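The next block holds one structure in the form of structure tokens; read it before the comments.
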Amino acid sequence: GNDIKASLNIAMQTLDTKQLQATLQKATVEIYQIQDSAGYNVFHDLSCCIVRESKLIEYLSILEEEIQKRHPTDYKQVISSMLNKQTNTEKRSPLLLAVKHNRRNLVKEYIKLNADPNIKDQQLHGPVHICAILGLIPLITYFLKEVHLSASEPDINGRTPLHLAALEGQETIGGLLIAWTPQLDERDKEGYTPLHLAAYSNNYRIVRYLLMKGARREAVDSHGSTPLDIAKIRSAYDLIPILVKPFFLQKMNPCKSTLEPVKNSYTRFIIYIALFMFRYALIFLFLFPDYPLEFGICSLLLFCLTLFFFISVSKRDPGFIQPNPDMGFLDLYEKYLPEYVCPYCEVKRPKHARHCQHCNRCVRKFDHHCP
């Protein structure tokens, strides 16, 4: 089988489709028996083949057709078995290798042919872990949104995909996983949270995303270190100020919001309006009697206008970006650059639009209420 496997590899690498078909047809052994000493079969080689992906899809079609000829009744089971075969040492399936080489269309074809997306390699890395390490945004979106894999499964070291993205400094993937991961303070086997690892890799944006979504600054690892301690050890001077827990007066600063989850409250809004009106009532009762009547009337009109515009502006749409019903989230990441896609709102946003933490929506232009 080794000679046949070598001939198949040469045919694929040299783009010789006819030779590939001829070699498969002349093979005297079953195709599922063609593998080397490391456990690589034809589909493993297909995943690692360095040619255009359109050519790989053509090769896959040829393989599928030949297997169907040889096994007309159970060809689907044969193909599925080959796609779920793991290599001897690293325990990688053809699907995991296709993910590693960022073969998007090939990955989707493998899934259609019943490749098991839950298979993990020797490090217990599944497709989502590999995508997080390598920053493969369209693929991780596909696995999380279409295949519905978990974003919280730990690997051999107890690290989730978010841990790995933080450690590798994958900012866009990190932001996406933060948006989709309910638990941000999961610990690995050494007690590190994603915030610890983001501080270790000196990644300001991931640290900022984590803090805005409520990651705990006080989390302590197995060595008794907080993310702030790690930032000091790593000389991450940009991170030290934001990892220090804000005190009360900082939280009250209206000019600069602290990096903490934003809590909106209609009760506070009503109390603010009530205090606003109460303040004016006191002014009207105790100060206006000492001023001319015209001054009081003008002041009252200004108060009414101020209150009217305040309420109307508060109720007005600040320019929320509306989702496109004809385009799914996966389509957005495949068509546009990641910085133009919001993982929270799942919309394509214009160049100057940003995600508002108060509204939890993307707005076309930040206004007075946005931090």
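The values are calculated or read from the model by the stated rules, or taken from the named source; none is laboratory data. Computed from a predicted structure; not experimentally measured. Neighbour counts run over all protein chains shown; Cβ positions are idealised from the backbone, glycine included.
Within region 284-299, which residues are of a type in the set (A, V, I, L, M), surrounded by 10 or more Cβ atoms within 10 Å (Cβ to Cβ) and either modelled with pLDDT under 80 or not assigned by the TED database to the domain that holds Phe310 (or both)?
Filtering region 284-299 down to residues of a type in the set (A, V, I, L, M) leaves 285, 287, 293, 297.
With surrounded by 10 or more Cβ atoms within 10 Å (Cβ to Cβ) added as a condition, the list becomes 287, 297.
Once the filter is applied, which keeps residues that are of a type in the set (A, V, I, L, M), surrounded by 10 or more Cβ atoms within 10 Å (Cβ to Cβ) and either modelled with pLDDT under 80 or not assigned by the TED database to the domain that holds Phe310 (or both), region 284-299 yields only Leu287.
Between Pro154, Pro94, the distinction of being modelled with pLDDT of 95 or more, farther than 21 Å from Thr172 by Cβ and surrounded by 19 or more Cβ atoms within 10 Å (Cβ to Cβ) belongs to Pro94 only.
Residue-wise test of (1) of a type in the set (A, V, I, L, M); (2) closer than 23 Å to Arg268 by Cβ; (3) modelled with pLDDT of 80 or more; (4) assigned to a helix (DSSP H, G or I).
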position	(1), (2), (3), (4)
Leu301	yes, no, yes, yes
Phe309	no, yes, yes, yes
Ser314	no, yes, no, yes
Leu332	yes, no, yes, yes
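Within region 39-63, being farther than 12 Å from Met12 by Cα and buried (at least 16 other Cβ atoms within 10 Å of the Cβ) holds for Tyr40, Asn41, His44.
Consider region 72-88 and keep the residues that are free of Cβ contacts under 8 Å to residues at least 24 places away in the same chain and not in a loop (DSSP other than H, G, I, E, B). The one that is surrounded by the fewest Cβ atoms within 10 Å (Cβ to Cβ) is Gln77. Against the test of being touching a His at 6+ places or on another chain (Cβ under 8 Å), crowded, with 16+ Cβ neighbours inside 10 Å, in contact (Cβ under 8 Å) with a residue 12 or more places away in the chain and not assigned by the TED database to the domain that holds Glu64, the options Leu149, Leu164, Leu136 yield a single qualifying residue, Leu164. Which one is farthest from Lys85 (Cα to Cα) among residues in region 8-36 that are among the β-branched types (Val, Ile, Thr) and part of a loop (DSSP other than H, G, I, E, B)? Here the residue is Thr14. From the list Ala236, Ala281, Ala274, the lone residue that is among the small types (Gly, Ala, Ser), in a helix (DSSP H, G or I) and modelled with pLDDT of 85 or more is Ala274. Screening the candidates Leu195, Leu176 for the property of being at pLDDT below 95 and buried (at least 23 other Cβ atoms within 10 Å of the Cβ) yields one hit, Leu176. Checked against the criterion of being free of Cβ contacts under 8 Å to residues at least 12 places away in the same chain, assigned by the TED database to the domain that holds Cys131 and not hydroxyl-bearing (Ser, Thr, Tyr), the candidates Gly214, Gly224, Gly175, Gly191 yield just one match: Gly224. If you go through region 198-218 and keep only what is part of a loop (DSSP other than H, G, I, E, B) and either modelled with pLDDT of 95 or more or not aliphatic (A, V, I, L, M) (or both), you end up with Ser201, Asn202, Asn203, Lys213, Gly214, Arg216, Arg217, Glu218.
Residues in region 299-340 that are free of Cβ contacts under 8 Å to residues at least 12 places away in the same chain and within 17 Å of Gly175 (Cα to Cα): Leu337, Tyr340. For the structure I just gave you, tell me whether Leu195 is more than 30 Å from Gln33 (Cα to Cα) and either acidic (Asp, Glu) or outside any loop (DSSP other than H, G, I, E, B) (or both). Spelling it out, Leu195 is indeed more than 30 Å from Gln33 (Cα to Cα) and either acidic (Asp, Glu) or outside any loop (DSSP other than H, G, I, E, B) (or both).
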